[in-house]
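Quick notes on the structure that follows.
The values are calculated or read from the model by the stated rules, or taken from the named source; none is laboratory data. Everything numeric here is computed off the predicted structure, so don't read it as measured data. Here the Cβ positions follow ideal geometry from the backbone for every residue, glycine too, while neighbour counts run over all protein chains shown.
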Amino acid sequence: MPEQDVAESAPQVVSAFLEQRREQIAQRWADAPLFRWVFTVSRDEAVEACKLVVDALSEVAVSGRLEDVATAGFAPVRDQLGRMAQTRARAGSTPAQIAGEVAGLRGPVIELLRAEFTDPDTPHAQECVLALTLLMGTLRLVVMETALDANADLIERQRQQLLEVATPVIKLWEGTVAVPLIGTLDSARSQIVMESLLEAIVDQRARYAILDITGVPTVDSLVAQHLMKTVAAARLMGAECIVSGIRPAIAQTIVQLGIDLGSVLTRASLADALAYALSRQGIEVSRADAGASAR
């Protein structure tokens, strides 16, 4: 019993308690919302996950660094609960909700520790309970940190996916691809445009690539530089790049900024750019109404 060796420090008592009551703690935690929600198929799997956390807490306790979130003993916790936090984050749980569920683990383990003492109101018993409370509080901080990182990673992946969806590369004709741009262009999105276009040029063996900016509301010097870099990169890949959809307002802005697009082939519309690319491949394009009048 912990009270039989008062000479032992509270962290040492807590470590020994966690080691000895590992199975009981794991069985109680396995029914807690934090573990029950993730391990829906097998309760035994939840129990094993709980044991890993108990072992990690025991290691942290024996080190005496109860309030140090950076201690090496928390590494297995970060790994185990990190995966769980990512699962919860993908399902829409907030870090605060997850942290609240971790806080719910404290009650059962404190109850078990208090039962270890004949008199839980002695100063030594209270010191041990305080040590375990501090340890569980640090566990909560570790999980919050892990959950926030998981949310940040999820947001970044979603942002990347949105950028890719917002910059599709379309095959218009054999050897001709196009990127219809809609919305504001920034550095990150411009990089995605360049990478997607170059990959499409290689995959489709395209000789002509069209950048249509009809849906781009404004063009500043940074956007113009990105467009010119994309055109130059396409040329290096062996494709001729055409910029279409330059509206009057954008044309005036480009002139006012003093940007030289003289080396860039431009066309008024996507249709004009496609007609140019087809004509360069020996394909004649004529209007349907012109053909009807000729008959």
Requested in this report: Scan the stretch 59-79 residue by residue and report those that are in a helix (DSSP H, G or I), crowded, with 21+ Cβ neighbours inside 10 Å and not aromatic (Phe, Trp, Tyr).
Outcome: 60, 61, 77
Query - Candidate set: the stretch 87-126, residues that are at pLDDT below 80 and among the β-branched types (Val, Ile, Thr); chosen: the one nearest to residue 32 (Cα to Cα) - result: 98
Query raised in the report: Just for the stretch 80-125: of the residues that are of a type in the set (Gly, Ala, Ser) and under 22 Å from residue 17 (Cα atoms), which one is surrounded by the most Cβ atoms within 10 Å (Cβ to Cβ)?
Result: 125
Query raised in the report: So which residues in the stretch 170-214 are among the aliphatic types (A, V, I, L, M), within 16 Å of residue 271 (Cα to Cα) and either in contact with a helix residue (DSSP H, G or I) (Cβ under 7 Å, 6 or more places away or on another chain) or touching a residue at least 12 places away in the same chain (Cβ under 8 Å) (or both), if there are any at all?
Result: 172, 177, 178, 179, 181, 209, 210, 211, 213
Requested in this report: Can you confirm whether the stretch 262-274 contains a residue that is of a type in the set (Val, Ile, Thr), without any contact (Cβ under 8 Å) to a residue 60 or more places away in the chain, exposed (fewer than 14 other Cβ atoms within 10 Å of the Cβ) and farther than 14 Å from residue 180 by Cβ?
Outcome: no
Query - Residue satisfying condition, being modelled with pLDDT under 80, loosely packed, with under 15 Cβ neighbours inside 10 Å and out of contact with any Lys or Arg (no Cβ under 6 Å at 6 or more places or on another chain), within set 258, 291 - result: 291
Query raised in the report: Taking the stretch 88-130, which residues are of a type in the set (A, V, I, L, M, F, W, C), in a helix (DSSP H, G or I) and free of Cβ contacts under 8 Å to residues at least 60 places away in the same chain?
Result: 96, 99, 103, 110, 115, 129
Report summary line: Residues in the stretch 233-255 that are at pLDDT 90 or above, assigned to a helix (DSSP H, G or I) and surrounded by 13 or more Cβ atoms within 10 Å (Cβ to Cβ) total 3
Query raised in the report: Is it true that some residue in the stretch 172-193 is hydroxyl-bearing (Ser, Thr, Tyr), outside the structural domain of residue 55 (by TED's automatic domain parsing) and either assigned to a helix (DSSP H, G or I) or at pLDDT below 75 (or both)?
Result: yes
